[in-house]
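Undergrad: Attaching a single structure in structure tokens format; questions to follow.
We did not get these values from a lab; they are worked out from the coordinates using the rules stated. This structure is a prediction, so every number in the text was calculated from the model and none was measured. As a convention, Cβ positions derive from the backbone with ideal geometry for all residues, glycine included, and neighbour counts pool all protein chains shown.
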Amino acid sequence: MKYSEYNPSKIEEINHLFIKTFSDSEGESEGLVIGELTNNFMTSTDVNDFCCFVATNNNEIIGGVFFSRLTFESGVKAYILSPMAILTEYQGKGIGQKLISFGLNALKKNGVELAVTYGDPNFYSKVGFSVISEEIVKAPLKLSYPEGWLGQSLVSDRIDPITDKSYCVEALNKPDLW
């Protein structure tokens, strides 16, 4: 298994990975929504505002994770992890955890202080995320499931509260994704 930053020439393969994985688990319509999101990241988002990391097995992309900039007026350097996908047949083998850890380490090396995500606390707690409230870090849009708002400091053992409003990249700035 190899973990690396994505290659822009692999946009179609990465999009297919996300569409297939989300279609398999949550239905075709969700697969298309997430496929549009990942395509928007890779084709419309400033390259300085997102990162994509992939897991490959025998040169086949079997997993991917996106991190995109979360902006605060205070200047805290933060990124949102969303979405991530591992092909169904490779799930449950720790590949997703290793891929997320690879991405978080790369962000940390680039001076990112905070990572947040919006997802399953049982899964994301395995890679250091904890449930946080919006009193600690405000989400950029209204959360449908506030118990899924998670954070992780990349510079200390706790997250200091950030009182100012947050702003996500345009690709994520859609209420139906939250």
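Undergrad: Pick from Leu99, Leu87: which is hydrophobic (A, V, I, L, M, F, W, C) and within 14 Å of the chain's Cα centre (by Cα)? Quick ask: steps written out before the conclusion?
TA: Working: Leu87 fails: within 14 Å of the chain's Cα centre (by Cα).
Answer to the selection: Leu99.
Undergrad: Go through the range 30-59 and give me each residue that's touching a residue at least 12 places away in the same chain (Cβ under 8 Å) and either of a type in the set (A, V, I, L, M, F, W, C) or touching a Leu at 6+ places or on another chain (Cβ under 6 Å) (or both).
TA: Listed by number, the residues that qualify are Leu32, Val33, Ile34, Leu37, Phe41, Met42, Phe50, Cys51, Cys52, Phe53, Val54, Ala55.
Undergrad: Here's a follow-up. Among the residues of the range 49-58, are any in a helix (DSSP H, G or I) and within 20 Å of Asn105 (Cβ to Cβ)?
TA: In the first step, residues of the range 49-58 are kept if they are in a helix (DSSP H, G or I); the result is 49.
Filter again for within 20 Å of Asn105 (Cβ to Cβ), leaving 49.
Yes, some residue in the range 49-58 is in a helix (DSSP H, G or I) and within 20 Å of Asn105 (Cβ to Cβ).
Undergrad: Quick one: count up the residues across the range 1-55 that are of a type in the set (Asp, Glu), surrounded by fewer than 16 Cβ atoms within 10 Å (Cβ to Cβ) and closer than 17 Å to Lys174 by Cβ.
TA: Total satisfying the criteria: 3.
Undergrad: If Ala85 meets every condition in (1) among the hydrophobic types (A, V, I, L, M, F, W, C); (2) in contact with a Lys or Arg (Cβ under 7 Å, 6 or more places away or on another chain); (3) buried (at least 20 other Cβ atoms within 10 Å of the Cβ); (4) closer than 19 Å to Glu26 by Cα apart from one, which number is that one?
TA: Of (1) among the hydrophobic types (A, V, I, L, M, F, W, C); (2) in contact with a Lys or Arg (Cβ under 7 Å, 6 or more places away or on another chain); (3) buried (at least 20 other Cβ atoms within 10 Å of the Cβ); (4) closer than 19 Å to Glu26 by Cα, only one is false for Ala85: (2).
Undergrad: Something else now. Given the options Leu70, Leu104, name the one that is part of a helix (DSSP H, G or I), surrounded by 21 or more Cβ atoms within 10 Å (Cβ to Cβ) and touching a residue at least 40 places away in the same chain (Cβ under 8 Å).
TA: Numbers: Leu70 fails: part of a helix (DSSP H, G or I).
One residue alone meets the criteria, Leu104.
Undergrad: Let me ask something else. Just the residues that are touching a residue at least 60 places away in the same chain (Cβ under 8 Å), under 14 Å from Lys77 (Cα atoms) and touching a Phe, Trp or Tyr at 6+ places or on another chain (Cβ under 7 Å), please, taken from the range 109-166.
TA: Passing the criteria: Ile162, Asp164, Ser166.
Undergrad: If you don't mind, there's one more thing I want to ask. Please find, among Lys93, Lys109, Lys77, the residue that is closer than 13 Å to Ile159 by Cα and basic (Lys, Arg).
TA: Exactly one of Lys93, Lys109, Lys77 is closer than 13 Å to Ile159 by Cα and basic (Lys, Arg), namely Lys77.
Undergrad: I would also like to ask the following. Against the definition (within 22 Å of Leu141 (Cα to Cα) and not β-branched (Val, Ile, Thr)), how does Asn57 come out, yes or no? Outline the logic, then answer.
TA: Numbers: within 22 Å of Leu141 (Cα to Cα): no; not β-branched (Val, Ile, Thr): yes.
No.
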